[in-house]
Each structure stands twice: as structure tokens, then as C-alpha cells.
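Worksheet for the structure shown next.
What follows is calculated from the coordinates using simple rules that are stated; it is not laboratory data. Given the structure is predicted, the values throughout are model-derived calculations rather than measurements. Here the Cβ positions follow ideal geometry from the backbone for every residue, glycine too, while neighbour counts run over all protein chains shown.
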Amino acid sequence: MADTLHIKEMALEYQDYMKEMRREFHRHPEISGEEYHTREVLIREIESMEIPYRLLDGTGIIAVIKGGNPGKHRVLRADIDGLQVREDEENLKQKKECISCVEGISHACGHDAHMAMLLGTMKILKRLQDEIEGTVYCCFEEGEETNCGVKTMLKALEEYPVEECFALHVYNGLDAGKVNVEPGPRMAGNVGIGFHIKGKSGHGSRPDQAINPIIPAAHIITQLNSAFVNRLDVEETVTLGIGMVRAGEATNVIPDEAFVGGTARFFKKEEGEKALTLVNRIAESTAACHGCGIEFQERNQISPYPVVNDRAVALRVSEALEQLCGQEVLGECGRWYASECYCEYLEKYAGALGFLGIRNEEYGSGAAHHNGKFDIDESVLALGACAEAAFVFDR
């Protein structure tokens, strides 16, 4: 590994830069697939470092840092989009240091920090370029929240001999100053649930002359709850969350259709696929028993699959980070039930996703992701850059 003291010192040297960049991104968030200003800021910073880069269709960018010695081809990835979440001016305890200037849109998941940290890491790598063994592809991926950019990024990466990948995600479930990189499942896969039950409208006084889709909707929901308890492996966690039931506009009119929507989360591929099969079979058969049809939405599928870290990569990054910053920065936390399209990188390359803790009760950070009160402890940015550099320089 390159001189560990120099890497840590450089990360601390760039702490203020990363904080400044995080705030610039935070004040000007853009939703998935529309990160045009964000890309211009990224281009400005990458060009100032004199690092070659490639613009992808859409808003994604790949910056390439070729080391002075032969070695592995590695990917570092940061996502760049914001969310349609209105930001509160206060976090859990006090007024925030920085808030969105765009009404109804915010970086309520931490992608602003991801970009800032990767830019800081790139400054470190540029200064240590002669010591790098191999090539590092710094990927700024558009549209993670809607999964609209991952396939474009992975298609572009096919032109390079990529061997390994690494990414960080800030996490409210871990204390600030801690990083967690563990082997195995770390973020959940998602079964999208969404279907219309097609019936026949009529007057509420004569239900026998109509085909009421609300009745099978109710039966489907209760049968799904029963099936998830009794048909799925009890040792493999699969959650069921029905979040929407929509039908009718008047109490005395039977509607001609009803909609049921939700998600199921899982950590084992086979159980997720089994869960989707149960959803489809129960919906179709129950609707048919009541004389109704079913129309599945496009979202009624698995997307994405779970994030499963490669054992060797995860352990190497943890060991390298311990050498850089000491054992005290390594934290423990459970699996995260949110989903991440980074799983698609891990299906192609050996790699890992690390969690960077941002929870600080004294400051007030630690609110749930995708929440108006979400905030981060910016002091962790240097530690994030150290973790990314540890991945590049680990042996």
C-alpha cells in the first residue's frame, strides 16, 4: 500500500473541499436522468484535476486514472441524482448547515456526499498516480433512484477490462466515524407489486349485477400475508409491504377496477423469485374465482436484486482501511432493507458496497433516508475518501 500516513493526511487536507462540493451539489439537486447542472459541475472539477473522462449517453461520466504500474482494473462508483422529497430546514435537533434551493427536490439519500467523496478520492489518486498499480475508473452514475442509468454505465464499462468494484453509501443506521464493509448480503432485493383487478361496475344496491373488484383485492391481500408466512423459507427474511389499495370514488357505486401496490424485500435471490411467483399466482387465481381479470403493471417484477458483497474484496478493503485509519473506524451494523442497483455491478465483477456512518445524535443527523429531515455529519467525508483509497491501494 502507498504510504498510509500520506493517504490519511491527504484525505483530511481535502475535507474542506469535499464539504464545499457536497454543499454545492446539495443546494442544486436534480432528479433521475435530469442531472445536467450536476454533470457540468463534475466536468468542471474533473477537468481542473487534468483527469481524462468520457461522457455517456444521458448524464453519466467515467473518469480514468491510469496508474504508473501494471495491475488491476478497478471501478469506484458514485450516484448523482436527487429525489422528489421536500427538505425540512431542520434535522432531528437543529437547523441544517445546508438545504436544497430547489422546491420539492433534495439529496435526501446522500448522493451529494457520494459525489463529493469520490472527487476527494480522485484528488488523492491523482497525486499518488505513479504509485497506483493498474487503472481506476471513477464512475458517476445517473438515475440510481429510478435505475435509469445503471445499464448505460455497465455497457460503457464493457469496453474496459474491469476486475473489481467498490462503492460507499452513507447510512443513517451507523454512527458517524464508522465504516462497515462485510461479506455477503448487505442491501435487499425488491419485488415490485402492482396490478389492476378488472371487474364490472354497477350500483351499490345491486352487487349481484356487477363484478366487484374490491372483494378479490381484499382476499388477495390477506392470502399474500398468509402465503408469505407459510410458503417462504422462515430462515430467509422476506418482508411484505402493501402500500396502496385504490378503488372507487363513491360509496354507492361499485367500480370497474381496483389497484393493489406494494413491495417485498429479500436477501436471497431464490426466495425473492419465489415471492414474486406467489404474488402472481395468488392474484391471478383469486381474481379468476371472483370473475375478474388481472392486468400487471411493468413494475410487477424483481428490480433490483440484493446487494451481495464478494467475501475476498470486502475483507481486503476492511483490512486496508484498518491499516489506514485504525481498528476504531470499523463498525458493525445489520443488513439494510433498502435496495440499490449497484447489485448489477456485483453480478458482473467481484466487489463490495460499504456503509459509511452518518448518525450523530448531538448534531441531529440520523433521520431515515428519503425523509425531509435527513442530514449527514459532514465530518465523515475524509473517512469515506480513505475507504475508497484503501480499495485502490489494497493488495
Problem set entry | Degrees between helix 381-393 axis and first principal axis of the chain (Cα, 0 to 90, nearest 10) | 80 degrees
For this session: Treating only the Cβ atoms of Lys and Arg (+1) and Asp and Glu (-1) as charged, compute the dipole magnitude of segment 72-217 about its Cα centre; round to the nearest 20 debye.
Result: 480 debye
Exercise. If you take the square roots of the eigenvalues of the alpha-carbon gyration tensor of segment 105-152 and sort them as a ≥ b ≥ c, do you get rounded (a/c under 1.5), prolate (a/b over b/c) or oblate?
Worked result: oblate
Exercise. So what is the 222 nm mean residue ellipticity for the chain from helices alone, if each DSSP H run of at least 4 adds -39500 (n - 2.57) and you divide by all residues, rounding to the nearest 500 deg cm²/dmol?
Worked result: -10500 deg cm²/dmol
Problem set entry | Distance between segment 18-63 and segment 354-395 - C-alpha centres, whole angstrom | 20 Å
Seminar exercise, completed: Contour minus Cα-Cα span, R44 to K155, at 0.36 nm per residue, comes to 37.5 nm
For this session: Describe numerically, in nm with one decimal, the distance between label points set 7 Å from Cα along Cα→Cβ at N225 and at E298.
Result: 3.2 nm
Exercise. What whole number of Å gives the distance from the Cα centroid of segment 107-167 to the Cα centroid of segment 257-301?
Worked result: 35 Å
Exercise. In degrees from 0 to 90, rounded to the nearest 10, what is the angle of the helix 269-289 Cα long axis to the longest principal axis of the chain?
Worked result: 20 degrees
Problem set entry | Members of K72/K348; K155/K274; K95/K123; K19/K126; K66/K268; K269/K373 lying beyond 27 Å, as alpha-carbon distances in this model show | K155/K274; K95/K123; K66/K268; K269/K373
Seminar exercise, completed: Full extension between E362 and E34 adds, at 0.36 nm per residue less the Cα distance, a length in nm of 114.6 nm
Exercise. What ranking do T38, T222 get, fewest neighbouring Cβ atoms within 10 angstrom at the top?
Worked result: T222, T38
For this session: Starting from the Cα-Cα distance between A312 and R27, subtract it from 0.36 nm times their residue separation and give me the gain in nm to one decimal.
Result: 98.8 nm
Problem set entry | Two-site FRET efficiency, Q94 against E347, from Cβ-Cβ distance with R₀ of 51 Å, rounded to 0.05 | 0.75
Seminar exercise, completed: Given the candidates A287, I132, P306, the one whose Cα lies deepest towards the positive end of the charge dipole of the chain, counting +1 at each Lys or Arg C-beta and -1 at each Asp or Glu C-beta, is A287
Problem set entry | the chain: angle of helix 214-230 to the longest principal axis, Cα-based, in degrees nearest 10 | 50 degrees
Exercise. How far apart, in nm, are two points set 7 Å out from the Cα along the Cα-to-Cβ line at E328 and at R206?
Worked result: 8.0 nm
